[in-house]
1. If I filter segment 25-33 for residues that are part of a loop (DSSP other than H, G, I, E, B), under 29 Å from ARG159 (Cα atoms) and open to solvent by 10 Å² or more (accessible area, probe 1.4 Å), do I get at least one hit?
2. Being more than 22 Å from LEU198 (Cβ to Cβ), open to solvent by 10 Å² or more (accessible area, probe 1.4 Å) and within 13 Å of the chain's Cα centre (by Cα) is the requirement here; does PHE59 meet it?
3. How many residues, within segment 1-15, are open to solvent by 30 Å² or more (accessible area, probe 1.4 Å) and among the aliphatic types (A, V, I, L, M)?
4. Just checking, how many residues over segment 71-108 are among the polar types (S, T, N, Q) and surrounded by fewer than 17 Cβ atoms within 10 Å (Cβ to Cβ)?
5. Give all pairs with beta carbons closer than 6 Å in which a residue from segment 144-155 that is loosely packed, with under 12 Cβ neighbours inside 10 Å meets a residue that is in a helix (DSSP H, G or I); count only pairs at least 6 apart in sequence or on separate chains.
6. What about ASP127, is it of a type in the set (Asp, Glu) and over 21 Å from HIS28 (Cβ atoms)?
7. Hey, could you check segment 120-143 for residues that are of a type in the set (D, E, K, R) and under 15 Å from CYS36 (Cα atoms) and say which is most open to solvent (accessible area, probe 1.4 Å)?
8. Enumerate the strands (runs of 3 or more DSSP E) found wholly within segment 57-101, keeping only those where 1 or more residues are at pLDDT 95 or above, more than 25 Å from GLN3 (Cα to Cα) and β-branched (Val, Ile, Thr).
Amino acid sequence: MAQDVPVSCTCGKVKGVIRGLARSNSNHVQCPCKGCQSYAHYLGRADDMMDGVGYSNIFQIDPASFEITEGHDHLACVRMTPKGPLRWFTDCCKTPLGNTLPKGGIPFIGVLPICTGHKGTDPAVVDMVGPVRAVANEKRPQSFGQKLKTWGMLAHLMRLTIWWRIRGGKSWKPFFDKDTLRPIRKPITISDAEREALEAKVI
């Protein structure tokens, strides 16, 4: 059943809502990639964002349904690598919000559950968006069954993305300028030394 899910940073300065969230219009995945793990350590929120073996739970949705209602001045984003996604968070208390492509247009945002008040491993996340469909960016050997799940997950995401684009056109909410489709905040660039220090913590 679709529900409006409140969004908030830990300190409460940034608030928002995800409207009409349901299993049918989201894509629940896990990601163990170096970028996601480094990002969790960059924010100092590894315990909130990852499980014990380095997997982050993320649910991918139409960004048009993600609305920031308070605290726009506290939005920030970082790129962990020069070609990586924009990772949006709050600069007040380092709460992760979502990951997007570097430029607006394609409707896609990967939400980190902690901004809805739940760690990724909480059963409440499954209640909101259903069970994990597959592991994205898996570097470890996968069985044929696991590969089938990955292909099914990608097909599901492709169907959703096409529908979101048909329904809403070029995506810009909530992190891009409507006219230029550029991010509303200049992405933070981390140094090579900082990146290496963060990657040293990757499992």
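1. So far as segment 25-33 goes, yes, one or more of its residues are part of a loop (DSSP other than H, G, I, E, B), under 29 Å from ARG159 (Cα atoms) and open to solvent by 10 Å² or more (accessible area, probe 1.4 Å).
2. Details: more than 22 Å from LEU198 (Cβ to Cβ): yes; open to solvent by 10 Å² or more (accessible area, probe 1.4 Å): no; within 13 Å of the chain's Cα centre (by Cα): yes.
Criteria not met by PHE59.
3. The initial filter retains those residues of segment 1-15 that are open to solvent by 30 Å² or more (accessible area, probe 1.4 Å), namely 1-4, 6, 8, 10-11, 13, 15.
Okay, now just the ones that are also among the aliphatic types (A, V, I, L, M), so 1-2.
The total comes to 2.
4. To start, the set of residues in segment 71-108 that are among the polar types (S, T, N, Q) comprises 81, 90, 95, 99-100.
Add one more test, that the residue is surrounded by fewer than 17 Cβ atoms within 10 Å (Cβ to Cβ), and what stays is 81.
Summing the residues that are among the polar types (S, T, N, Q) and surrounded by fewer than 17 Cβ atoms within 10 Å (Cβ to Cβ) in segment 71-108 gives 1.
5. Close Cβ pairs (under 6 Å, with a partner that is in a helix (DSSP H, G or I)) do not exist here.
6. Working: of a type in the set (Asp, Glu): yes; over 21 Å from HIS28 (Cβ atoms): no.
No, not satisfied.
7. Of all residues in segment 120-143, those of a type in the set (D, E, K, R) come to 122, 127, 133, 138-140.
Applying the additional criterion that residues be under 15 Å from CYS36 (Cα atoms) yields 138-139.
Values: GLU138: 46, LYS139: 175 Å².
Ranking the candidates gives LYS139 first.
8. Numbers: elements: 66-70, 75-79, 86-90, 96-100.
Of the strands (runs of 3 or more DSSP E) lying wholly inside segment 57-101, those with at least 1 residues that are at pLDDT 95 or above, more than 25 Å from GLN3 (Cα to Cα) and β-branched (Val, Ile, Thr) span 75-79.
The values are calculated or read from the model by the stated rules, or taken from the named source; none is laboratory data. None of these values were measured; they are calculated from a predicted model. Because the Cβ atoms are built from the backbone with ideal geometry, glycine has one as well, and the counts that use them run over all protein chains shown. Remember, those area values only see protein heavy atoms, side chains included, never the ligands or the DNA or RNA. Shrake-Rupley method; radii C 1.70, N 1.55, O 1.52, S 1.80 Å.
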